[in-house]
Amino acid sequence: MIDSKINYKVERKKVKGIRMRINPQNEIVVSARIGIPLYEIDQFVSKNRDWIDKTLLKINARKEKESALKERCSNETLVVETENFIKYWQGIILTSDKFPTRVRFRKMKTRWGVCNIKTGVITINSELNKYPKVCLEYVIVHELSHLVHSAHNKNFWNLVEKHLPNYKQRIKLLSLKSV
Ligand SMILES: [Zn+2]
């Protein structure tokens, strides 16, 4: 057979035909009664390769989502990380006459960050402590960039991209939020 071999475990049980499942350890487990020859089980598994691939992908996506939504760090750590990112990126993105006047944290339903251009206050969604640090960094670069270009126009996105060429990937990670 040209196909690469699929690894699986066989359980001998009184079941009708051949059954297959994926256990919590991500192993493929095939149940079949004694008497069904191994080559038949092997054929069954090969025939269901699509199902296995799809199911494993689904399981992995779910696990990634769940682990992403666990708290990555405490609120205190989020504050420190935010301060450090702002200190760093402010010096790169902004000229010295522009700076955020205050940074505050709030749970927000629809936004990851807000920049008030008039007051210079930046609000960070405190739920960002459940997302990778690169997401927090993206939100900060985004909000600081608003102090240069207030609207989401081409110049704005060019500025974001200049500093974070992979910002689109970071946005994708943020879309894991399940609300
Ligand atoms: Zn914006």
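In the chain, with Lys and Arg counted as +1 and Asp and Glu as -1 at Cβ, which of these residues, GLY113, VAL15, LEU69, has the Cα nearest the positive end of the dipole, that is, farthest along it?
VAL15
Relative to the Cα centre, what is the charge dipole magnitude of segment 75-174, using +1 at the beta carbon of each Lys and Arg, -1 at the beta carbon of each Asp and Glu, and rounding to the nearest 20 debye?
Charge dipole of segment 75-174: 340 debye, to the nearest 20.
Quick one: among VAL103, VAL30, VAL79, which has the greatest mean-square fluctuation in a GNM of the chain with alpha-carbon springs under 10 angstrom?
VAL30
Using amide H atoms built 1.01 Å from N in the peptide plane, name the residues 5+ places from TYR131, or on other chains, whose amide H lies under 5 Å from its own.
ARG72
Under the rule of at least 5 residues apart or a separate chain, name every residue whose amide H is placed under 5 Å from the amide H of VAL10.
For VAL10, whose amide H was placed from the backbone, the distant partners under 5 Å are VAL30.
May I have the pair-distance distribution P(r) for segment 9-69, computed from all Cα-Cα distances with 10 Å bins from 0 and rounded to whole percent?
Once binned at 10 Å, the Cα pair distances of segment 9-69 give 21, 46, 23, 10, 1.
Quick check on the chain: what are the equivalent-ellipsoid semi-axes from the Cα gyration tensor, as sqrt(5λ), descending, whole Å?
One finds semi-axes of 52, 17, 12 Å for the chain.
Would you calculate, for the chain, the mean residue ellipticity at 222 nm contributed by helices, counting each DSSP H stretch of 4 or more residues as -39,500 (n - 2.57) and dividing by all residues, to the nearest 500?
-14500 deg cm²/dmol
Read the figures in this text as sums done on the coordinates, not as results from a lab. Owing to the predicted nature of the structure, the values given are computational and were not obtained by experimental measurement. Glycine also receives a Cβ, built like all others from the backbone with ideal geometry; neighbour counts cover every protein chain displayed.
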